[in-house]
Amino acid sequence: MKIVNSHQAQAWNGYEGQHWADNHDRYNTLVSGLNKHLFAVAKVGPGDRVLDIGCGAGQTTRLAAGLASQGHAVGVDLSEPMLDRARRIAAEEGISNVTFEQADAQVHSFPTAGFDLAISRGGIMYFSDPVAAFANIGRALVPGGRLVFGCGRDYGENEFDRIWEAMMRHVELPDPAEDNAPGPVNFTNSGQITSVLTEAGFAQVTAEPRESVSVFGRDAEDATTFIFGWGPVRHWLRNASSADVAAARESVADALRTFEIDGAVRLSGPSWVFTAVAEGA
Ligand SMILES: C[S@@+](CC[C@H](N)C(=O)[O-])C[C@H]1O[C@@H](n2cnc3c(N)ncnc32)[C@H](O)[C@@H]1O
């Protein structure tokens, strides 16, 4: 298997991927607000062959397979622990038209024009060379095939920022503006993403702004424990003193209390739903 995104492969096959696999229900609760927007735009047809990029534990792949009842869905991901979870859930649910493969989507030899539609819920922001990666995905699509993905969007009133602001009162976090590493915070600018997709050979690129509510936990304490278990947060705080981490936890829990609504911590967050059309292999 050819892998060029080796740092990502390491993270998603290490603590981070294991945490997602072990807590797949919680992560799904966190990000599944995007599903209705993604699938409303993707319009999966009954005969479609669907590729799900960075499918993780496979919730969106399974949903796509359900809609493509006479077609099939293939999920690809770097993370063996997440793929293992994806395969097990699909087997438990008796879904027979779905498969999962470990692959680096940037360089994997997909079957040329083997898919009618490629989708992704937050699995396309981690490529070291996004133009090469999207060109590779484009070759996997039939001419006229669509790529539809959801990713983060920055805007001033992002409730998620309350978490980082509360944390930063006690510990130092990397400044996304100075950290150019691939990841969700550096893949939010619609103009930049449109240029990448165009350079990669896609046409008719559109970006639709959407809001969705994310459920972080049943109460502020539960949500804070979950957030402090995230791989990136553990990484950022690895050199902080235990006193500072404890103070940061308290500060985050306090901030999240404002968002305890109807038995859960709910924060709304902005996203983009991008569509692009493959011009042909
Ligand atoms: C934020 S998670 C989202 C997972 C899933 N789409 C979901 O919504 O639950 C990002 C996923 O992208 C995968 N990923 C990152 N870089 C990748 C690459 N180059 N090729 C394939 N998968 C990749 C990671 O392994 C991880 O599972």
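Below are the figures for this structure:
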| item | result |
| --- | --- |
| Check on I124, within 21 Å of the chain's Cα centre (by Cα), in a loop (DSSP other than H, G, I, E, B) and at pLDDT 95 or above | yes |
| Filter result for the condition that a residue is over 27 Å from N28 (Cβ atoms) and either surrounded by 14 or more Cβ atoms within 10 Å (Cβ to Cβ) or not acidic (D, E) (or both), over A223, A253, A278, A264 | A278 |
| Top-ranked residue of the range 64-80 - restricted to ones that are within 16 Å of the ligand (Cβ to nearest atom) and in a strand (DSSP E or B), ranked as surrounded by the most Cβ atoms within 10 Å (Cβ to Cβ) | G75 |
| Scan of the range 139-173 for residues that are within 27 Å of A278 (Cβ to Cβ) and over 19 Å from the mean Cα position of the chain (by Cα), ordered by number | R139, A140, L141, V142, P143, G144, G145 |
| Members of the range 114-128 that are among the hydroxyl-bearing types (S, T, Y) and either more than 9 Å from the ligand (Cβ to nearest atom) or over 16 Å from L141 (Cβ atoms) (or both) | Y126, S128 |
| Residue check for T61: in a helix (DSSP H, G or I) and in contact (Cβ under 8 Å) with a residue 40 or more places away in the chain | no |
| Flag if W12 is in contact with a Phe, Trp or Tyr (Cβ under 7 Å, 6 or more places away or on another chain) and of a type in the set (A, V, I, L, M, F, W, C) | no |
| In the range 72-108, the residues that are within 21 Å of P143 (Cα to Cα) and in contact (Cβ under 8 Å) with a residue 40 or more places away in the chain | V74, A105, Q106, V107, H108 |
| Matching residues in the range 235-281 - criterion: being small (G, A, S), touching a residue at least 40 places away in the same chain (Cβ under 8 Å) and more than 30 Å from L197 (Cβ to Cβ) | A240, A247, A248, S251, A255, G263, A264 |
| Enumeration of residues in the range 81-105 that are surrounded by 24 or more Cβ atoms within 10 Å (Cβ to Cβ) and near the ligand (Cβ under 8 Å from one of its atoms) | M82, A105 |
| Selected residue (only one of N23, N28 is touching a residue at least 24 places away in the same chain (Cβ under 8 Å), surrounded by fewer than 19 Cβ atoms within 10 Å (Cβ to Cβ) and within 8 Å of the ligand (Cβ to nearest atom)) | N28 |
| Out of G145, G191, G201, sole residue that is at pLDDT 95 or above, closer than 20 Å to K43 by Cβ and not charged (D, E, K, R) | G145 |
| G152 more than 9 Å from the ligand (Cβ to nearest atom) and touching a strand residue (DSSP E or B) at 6+ places or on another chain (Cβ under 8 Å) | yes |
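The values are calculated or read from the model by the stated rules, or taken from the named source; none is laboratory data. Since we're looking at a predicted model, the values are computed, not measured. Neighbour counts are summed over all protein chains in view; Cβ atoms, including those assigned to glycine, are modelled from backbone coordinates with ideal geometry.
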